[in-house]
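In what follows, a single structure is set out as structure tokens and then discussed.
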Amino acid sequence: MSTSIAAIQIALLDDHQLFRQGMRYILQALPFVEEVVEAGELAELQVLCRQRLPDILLLDLQMPNIDGTEAARQLLQEFPDLRIIVLSMFSADKYITQMMKLGARSYLPKDVDQDQLRTTIEEVLSTGYYFTPRISRALIRGVQHPERTPTPTQPDLVQLTAREHEVLNLICKGCTASEIAEKLFISRRTAEGHRQKLLEKTHAPNAAGLVVYAVRHGLLDN
């Protein structure tokens, strides 16, 4: 897939210099990465983004002066098109659910291997998001067992075609557009078209919203 990806810039926001250096080494080995920029704090990254918006931001959740959730919220408010992939040592469902609902495009452990990192970046660049099975499970459990917070207005149930129902279930299982296409014997472009139609029909803001919608309306197959 990387042969079709134009040279990109990736930004790192992490307060640990040694981690940034190690991640830079991994990223620079990817054939489609043109430049890697680093920041140890939010203000520094904001300056970089105003100069040139990176194609991907790898964001740590744990920083000394501001937590990653608030950093992401501020960044997305100023740069709504910023594609954030979270890299974190925190693996609890609440962190994953919170960041995906906020607008992160994927969520990975900090010890992710190079192949998984590459796949995630490629999928986010290609389809806008990448759901691992871990992310899907966290979102589903978050809807099935919500914390005691006010429940947002639930979107009305809309009529889905049989194919849209199949695609929705595969998205909830963490399948990529390529995997959906392969499983349903359709083209990747058609799979992406079904996903876009689902977003329009359900008024979900992103793929995380589709998972929430599916669980709340009992649309997941056993």
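Some points to look at:
- Filter result for Ala7 (under 25 Å from Ser136 (Cα atoms), surrounded by fewer than 21 Cβ atoms within 10 Å (Cβ to Cβ) and either among the hydroxyl-bearing types (Ser, Thr, Tyr) or not assigned by TED's automatic domain parsing to the domain that holds Val212 (or both)): no
- Tally, over the range 118-141, of residues that are closer than 17 Å to Glu179 by Cα and assigned to a helix (DSSP H, G or I): 14
- Enumeration of residues in the range 195-222 that are crowded, with 22+ Cβ neighbours inside 10 Å and over 18 Å from Arg83 (Cβ atoms): Leu198, Thr202, Val211, Val212, Tyr213, Ala214
- When Ala92 is tested against (1) more than 12 Å from the chain's Cα centre (by Cα); (2) under 21 Å from Arg195 (Cβ atoms), just one condition goes unmet, and that condition is (2).
- Flag for Leu75 being modelled with pLDDT of 90 or more and in contact with a Cys (Cβ under 9 Å, 6 or more places away or on another chain): yes
- The set of residues in the range 142-184 being at pLDDT 90 or above, loosely packed, with under 15 Cβ neighbours inside 10 Å and over 18 Å from Tyr213 (Cβ atoms) consists of Glu182, Lys183.
- Residue tally, condition in contact with a helix residue (DSSP H, G or I) (Cβ under 6 Å, 6 or more places away or on another chain) and not in a helix (DSSP H, G or I), over the range 188-208: 1
- When residues of the range 33-61 are limited to those that are out of contact with any strand residue (DSSP E or B) (no Cβ under 7 Å at 6 or more places or on another chain) and in a loop (DSSP other than H, G, I, E, B), the one nearest to Arg105 (Cα to Cα): Leu53
- Among the residues of the range 34-59, those that are farther than 19 Å from Pro80 by Cβ and either among the acidic types (Asp, Glu) or under 19 Å from the mean Cα position of the chain (by Cα) (or both) comprise Glu34, Glu35, Glu38, Glu41, Glu44.
A quick yes/no check of all residues on (1) in contact with a Ser or Thr (Cβ under 9 Å, 6 or more places away or on another chain); (2) in contact (Cβ under 8 Å) with a residue 12 or more places away in the chain:
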position: Val47; (1), (2): no, no
position: Leu61; (1), (2): yes, yes
position: Ala71; (1), (2): no, yes
position: Val86; (1), (2): yes, yes
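The values are calculated or read from the model by the stated rules, or taken from the named source; none is laboratory data. Just so we're clear, the structure is a prediction, and the values are computed from it rather than from any experiment. Virtual Cβ from ideal backbone geometry, glycine too; neighbours counted across all protein chains shown.
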